[in-house]
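What follows is a single structure, written as structure tokens, with notes after it.
The values are calculated or read from the model by the stated rules, or taken from the named source; none is laboratory data. The structure presented is a predicted model; accordingly, all values stated were derived computationally and were not measured. Please note: Cβ atoms are built from the backbone with ideal geometry, for glycine as well, and neighbour counts cover all protein chains shown. These area figures cover heavy atoms from the full protein model, side chains too; ligands, DNA and RNA do not enter into them. Shrake-Rupley method; radii C 1.70, N 1.55, O 1.52, S 1.80 Å.
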Amino acid sequence: MININNIYVQYGDRRVLDRVSFTIQEKDRIGLTGRNGAGKSTLLKIISGQSTPTEGNIAYPSNTTIGFLHQDMFLPKGKTVLEEAMSAFDEVLQAENRLAEVELELSERTDYESDAYMDLIHEMTELNDKLADIGGDAMRVECEKILMGLGFKVTDFARQTTEFSGGWQMRIELAKMLLKRPKLLLLDEPTNHLDIESIIWLENFLQPYEGAVVVISHDKTFLDNVTKRTVEIELGKVHDYKANYSRYLELRSERQAQLQSSFDSQQKEIARKEALVDKFRAKASKAKMAQSLIKELDRMERIEMETTDSSRMRFEFQPSPRSGEVSVNVKDMTKKYGESTILDNIDFQVIRGERIAFMGKNGEGKSTLIKLIVGDIQPSNGIVELGHNVFLGYYAQNQAEALDPKITVLETMEKNSPFELRPKLRNILGSFLFRGEDVDKKVSVLSGGERARLAMACMLLHPINLLVMDEPTNHLDMLSKAILKQALFDYDGTLIVVSHDRDFLDGMTDKVIEFANRKLVTYLGDLQYFLEKRQYGSLRDVSLGKSALNNMLVNKEHHAKPDSNSDENQEQVKRIRKNIQNAEKKIKRIEEEQSKLEIIMGITEKFGTAEYNKALKDYESNKKELELAMEEWEEAETELERFL
């Protein structure tokens with residue numbers, strides 16, 4: 001058991017953590033949640049021993065080992081991927097070397113009865129026990145298995161770590177940490193640099209993990225699949241819920257509603273008694289009663305309502321300059337990496353004003369095409385060009401990493417700003433929640449969410465009429481995602497977006513481009529239309545290439561098609577069609593309800609109110625209902641296909 005005792009942290013006049021206390025049990029699965037900047041990363045640094053609180057302490061058992069994956073990790077140079085990952089076993093390798101030394105010394109000594117000889121025997125036994133679980137070839141096999149689970153190919157193992165981006169270097173660091181199997185694993189946004197396959201692999205790895213896990217993540221599905229307890233940080237205080245993230249949202253809403261009800265009842269009682277005191281105080285015959293009431297009021301344990309942090313960023317794109325009719329033109333384009341063809345003879349145009357989502361399995365070329373469009377890489381053959389008067393804005397997966405860590409927030413803005421905007425930079429930063437002394441912070445000390453907000457603020461410094469965004473919601477909390485989504489709804493230019501976040505994408509685009517087998521397939525509709533057309537149940541299914549259509553093709557190999565002309569089967573078809581219609585009506589009804597709830601959740605003044613909390617609870621509940629309705633629809637469509 002690890003005890004966190006009265007942790008207090010203050011920066012300037014801001015209390016980040018205010019007498020925080022809780023315990024971490026041996027096999028806990030804890031999701032640490034709270035708004036960006038609430039102090040989650042600060043608390044992990046304190047638990048790991050990398051930072052010291054202003055007051056308070058952490059009590060650890062004597063045998064505690066800690067692995068801490070944080071957002072500012074740098075790998076040493078000069079090693080291959082496999083060599084760096086294998087460094088996790090340095091302690092094991094040292095034990096092997098020591099065992100060889102002990103065995104050699106024992107073979108040369110003859111003082112078999114001495115204490116020194118017996119000490120060597122005991123040491124040899126302990127070293128053998130330590131190496132029994134994993135050693136030699138088993139270490140390499142385990143290392144390769146974890147690297148491949150995190151997305152590395154066998155051909156990557158011999159490449160230098162410096163050849164990989166910061167996100168991929170983070171995967172190497174995560175692999176090292178998992179290989180060490182510490183008693184306590186602290187993970188700060190581990191999914192931000194992982195694709196869906198790797199996220200699912202990590203979920204499966206962590207579920208049976210023998211130690212305790214504390215994780216910060218804005219991926220709700222990941223939290224639900226990994227955690228069983230949620231610790232919320234709100235305005236420096238912690239609230240502990242014995243539940244995963246989705247259930248925590250429900251319990252939090254219930255707790256706040258109950259607290260508000262108790263507070264309101266107590267305030268009415270206080271007002272009633274104070275009115276009686278005022279009434280009786282002037283009458284000699286009632287003075288004793290007034291004094292009694294005053295004592296009751298003094299003894300009363302007052303219920304205090306939490307002051308919800310209602311600060312939120314304000315995000316609005318400048319009006320887009322008018323571009324030519326064609327924003328992006330791709331003609332006869334092929335892209336290869338060595339002998340591997342990623343995209344083959346592609347023809348593709350983006351017309352001014354279109355809003356396009358790129359979809360498909362990981363590794364099919366989505367990010368490659370984006371890099372071709374923005375000019376980061378060049379095609380192997382063919383043409384990729386921007387249209388007339390196109391002003392490009394690009395938010396990459398690693399956009400926040402690209403910021404210079406050595407300069408301040410304000411200097412970052414000045415570096416990217418046209419001269420005429422310099423007087424307005426502090427106001428712009430204020431709208432992204434960088435206020436007062438915050439603008440003088442070095443980028444290196446910012447949290448992942450703060451860096452993401454700063455990168456977005458930089459993007460607004462120039463007019464944009466073609467906006468390209470690759471996984472823009474990484475590092476953003478739920479509220480910030482909603483604000484970004486609304487800003488993109490209001491954006492009047494051309495949009496291309498890649499995201500694995502279904503809530504974020506829903507309703508945002510009017511065209512979907514699916515990447516498959518080195519080609520592009522166009523769907524003229526929004527995300528919902530694409531998922532229905534391809535019979536995907538979720539964006540995870542898209543990334544993994546699992547659809548009801550694919551399953552149906554497999555089933556057709558094993559089942560003959562029924563005779564659709566028989567009376568019995570015609571009745572079956574009618575029944576199935578009715579089920580499809582009912583499911584479609586249900587889906588439409590739920591989506592309309594979700595849209596209304598999103599409007600409530602998007603109103604600043606309502607944040608933290610009972611109405612907002614109810615909307616949030618209903619929104620999460622409706623999501624589950626929508627998923628079930630989608631499953632009903634898919635099953636009915638699959639069944640119908642057998643008769644047609």
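Observations, loosely collected:
- Candidates in region 190-222 are the residues that are closer than 17 Å to L44 by Cα and at pLDDT 85 or above; of these, the one that is surrounded by the fewest Cβ atoms within 10 Å (Cβ to Cβ) is G211.
- Selection within region 334-392 - touching a Ser or Thr at 6+ places or on another chain (Cβ under 7 Å), under 22 Å from V512 (Cα atoms) and basic (K, R): K335, R352, R355, K361
- K180 over 24 Å from S367 (Cα atoms) and among the basic types (K, R): yes
- S265 being free of Cβ contacts under 8 Å to residues at least 12 places away in the same chain and either assigned to a strand (DSSP E or B) or among the small types (G, A, S) (or both): yes
- Lone qualifier among G37, G31 - being small (G, A, S) and on the phi > 0 side of the Ramachandran plot: G37
- Within region 39-64, tally of residues that are open to solvent by 20 Å² or more (accessible area, probe 1.4 Å) and in contact with a Gly (Cβ under 8 Å, 6 or more places away or on another chain): 2
- Taking region 377-426 as the range and being of a type outside the set (V, I, T), within 30 Å of T334 (Cα to Cα) and open to solvent by less than 30 Å² (accessible area, probe 1.4 Å) as the test, the residues that pass are G387, G393, Y395, A396, A400.
- Lone unmet requirement of (1) surrounded by 14 or more Cβ atoms within 10 Å (Cβ to Cβ); (2) under 24 Å from the mean Cα position of the chain (by Cα); (3) modelled with pLDDT under 75; (4) within 25 Å of L479 (Cα to Cα) for K614: (3)
- Region 76-101, residues that are β-branched (V, I, T) and farther than 29 Å from E123 by Cα: T80, V81
- Hey, S165 modelled with pLDDT of 85 or more, hydroxyl-bearing (S, T, Y) and surrounded by fewer than 16 Cβ atoms within 10 Å (Cβ to Cβ) or not: no
- Residue within region 279-288 that is in contact (Cβ under 8 Å) with a residue 12 or more places away in the chain, part of a helix (DSSP H, G or I), out of contact with any Pro (no Cβ under 8 Å at 6 or more places or on another chain) and surrounded by 15 or more Cβ atoms within 10 Å (Cβ to Cβ) present: yes
- Of the residues making up region 369-413, those that are among the acidic types (D, E) and at pLDDT 90 or above number 2.
- Only strands (runs of 3 or more DSSP E) whose full extent lies in region 1-94 are considered here, and the ones with at least 1 residues that are modelled with pLDDT of 90 or more and within 24 Å of the chain's Cα centre (by Cα) are 14-24, 29-33, 66-69.
- Among the candidates M118, M139, residue that is farther than 19 Å from F74 by Cβ, surrounded by 11 or more Cβ atoms within 10 Å (Cβ to Cβ), among the hydrophobic types (A, V, I, L, M, F, W, C) and free of Cβ contacts under 8 Å to residues at least 12 places away in the same chain: M118
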